[in-house]
Amino acid sequence: MVGVKLYFLPVQTRMPLKFGAETLTSVTCARACVVVSDRAGRTAEGWGETPLSVQWVWPSQISYESRHSALRDFTEQLAFAWATFDNPGHPLEIGADFQQRQLPALLAGYNRSCPPAEKMPLLAALVCCSPFDIALHDAYGQLLGRPTYETYTSEFMSRDLAGFLEPAAGSNVSFAGRYPADYLAAVRDDHPPVWHLVGGLDALDSDHVDAPRPDDDEPYLLDEWIDRDGLECLKIKLRGNDLNWDYDRLVAVSRVGFPRGVRYLTADFNCTVRDPAYVNEVLDRLRSDEPAVYDSILYVEQPFPYELEHNQLDVASVSQRKPLLMDESAHNWQLVRLGRTLGWTGVALKTCKTQTGALLSLCWAKAHGMYVMVQDLTNPMLAQVPHVLLAAHAETMMGVESNAMQFYPAASRPEMAVHPGIYRRRGGRLDLSTLCGPGFGYRLDEIARELPTPAAEHGQLRGTS
């Protein structure tokens, strides 16, 4: 890598999104440009972007602004660290090495002067790291003139997966001679089913309106979203500490959705549950009293606290009822391995934890027969592209979650002019067919996006946008 440039793009929501005990009304997206070179001296630039979603990456009693400032500051530090990380190889190799050699030390150094209650968690550090990692994968494809997903093979990688991953103890899995392409779809799915997020504050229909409607032409009520976008899949945010509310919410959403063609639900308990019996009671009541709702639940997502190593609950009783997917706890493949020993049966992948980490977790999970989904971080603008491409290649349980169009559709208008099908849902699906060309297929030269003054610049960046 010969140069790095970092931008911060502020985005305001059109309506609030509840994360656990907090509510998101704005977000800063970190956009990175990296310049790479090969032995012949040829250069190429790549781009990556991730929302620095404070409430999701760092739940805490510390003020929002303190955490927000810390994330921006750490991302700026990472820009310099990436620009000076002299480590040749494939992006997956470089990304894995950076996360093993550099990121832990940088995070420890950042946290050294912080009181214990104010230390930045690993998940937050990964999200700060991801724009650079994503940009590196894009740049490699640009350098070769190939789509990035064509480079995850022995032709381009000098290490097989045994150089990154260790199988579960007692399994017959081997990663020797295996590469990421072995666990990816041979042909990407350009029209994946799309999941809509039903937030804890969302109004369901005209009988449930208790807040002013946004002053725009977008849908607002759940029934309007379903009718306009042809939705068949709904992800329902729950409280995790109010069993009757959670049960009633699942039933109420189904009452609105089922008559309009909704077929699948998933329950997201927001990491607030402390006892598997809570989830089991909700599921068992549904199975007894609302069997159609129970049958429609495809999986349960991360009911339990983030830090798996400190919250090693036996969750097998939940996964005996429904597939149970790790999300916030799945920082890396090692934690996916730990989760499997505790009874988790799948993983929700997110590119915001780095493209490298998402691919390695995908390979480990699939090799061990675990379920895979690709979940959103309310990704607008460029962040949407690697997100949906991961789902298109991952052969997930059911498509991909995509909800930025619900909460800040205006933010992506320049990108939507070039790629309308990934920023607007039609017939319950996305359309990725416009994503073409080398790297992630952004087609940046066609996107009329004005960027702010860079927050950081390091190395040789001549000719970058």
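Values in this text are rule-based calculations from the coordinates and carry no lab data. Note that the structure is a prediction, hence the values are computed from the model and not measured. Here the Cβ positions follow ideal geometry from the backbone for every residue, glycine too, while neighbour counts run over all protein chains shown.
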The chain: relative contact order in percent, alpha carbon pairs under 8 Å with at least 6 residues between: 21
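If I stretch the segment between ASP207 and LEU451 completely, what's the gain in nm (0.36 nm per residue apart, minus their alpha carbon distance), one decimal?
So the extension gain works out to 83.6 nm.
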Filter the GluC sites (Glu not before Pro) in the range 100-164 to those in DSSP coil with at most 12 other Cβ atoms within 10 Å of their Cβ, and list the result. GLU155
For the range 112-270, averaging the sequence separation of alpha carbon pairs under 8 Å that lie six or more residues apart and dividing by its residue count, the contact order in percent is 16
Work out how much length ARG413 to ARG112 would gain on full extension: take 0.36 nm times their residue separation and subtract the Cα-Cα distance, in nm to one decimal. 104.2 nm
Could you give me the ³J(HN,Hα) list for the range 186-200, computed from phi with Karplus coefficients 6.51, -1.76, 1.60 and θ = phi - 60°, whole Hz, x at Gly and Pro? 5, 10, 5, 8, 7, 9, x, x, 10, 9, 9, 8, 9, x, x
Rounded to the nearest 0.05, what FRET efficiency do ASP160 and ASP284 give with R0 = 56 Å and r taken as the Cβ-Cβ distance? Could you check? 0.80
Need the list of aspartates and glutamates near LYS366 for cross-linking: C-alpha distance under 12 angstrom, and skip anything on the same chain fewer than eight residues off. ASP182, GLU395
Relative contact order of the range 180-440 (C-alpha contacts under 8 Å, at least 6 apart) in percent is 22
If every Lys and Arg gets +1 and every Asp and Glu gets -1 at its Cβ, then about the Cα centre the chain yields a dipole, in debye to the nearest 20, of 740
If you place +1 on the Cβ of every Lys and Arg and -1 on the Cβ of every Asp and Glu, how big does the dipole about the Cα centre of the range 101-207 come out, in debye to the nearest 20? 680
For the range 63-71, just list the computed ³J(HN,Hα) in residue order, Karplus coefficients 6.51, -1.76 and 1.60, θ = phi - 60°, integers in Hz, with x standing in for Gly and Pro. 4, 4, 5, 4, 5, 4, 5, 5, 5
Once Lys and Arg get +1 and Asp and Glu get -1 on their Cβ, which of VAL127, LEU103, GLN384 lies farthest toward the positive end of the dipole of the chain? LEU103
Counting Lys and Arg as +1 and Asp and Glu as -1, each charge on the Cβ, what is the dipole of the range 297-357 about the Cα centre in debye, to the nearest 20? 220
Which one, VAL347, GLY163, MET326, projects farthest toward the positive side of the charge dipole computed for the chain from Cβ point charges (K/R +1, D/E -1)? GLY163
Charge dipole of the range 305-431 about the Cα centre (unit charges at C-beta), most positive-ward option of ALA404, ALA417, LEU335: ALA417
Cβ-based exposure ranking for THR75, THR434, in which fewest neighbours within 10 Å come first: THR434, THR75
Förster radius 60 Å - calculated FRET efficiency between THR341 and ASP38, Cβ distance, rounded to 0.05: 0.90
Sort ARG239, ARG425 so that the residue with the fewest other Cβ atoms within 10 Å of its own Cβ comes first and the one with the most comes last. ARG239, ARG425
So for SER60, SER53, fewest C-beta neighbours within 10 Å to most, what's the order? SER60, SER53
Stretched out fully, how many nm does the piece from ASP86 to VAL173 gain, at 0.36 nm a residue minus the Cα gap? 28.0 nm
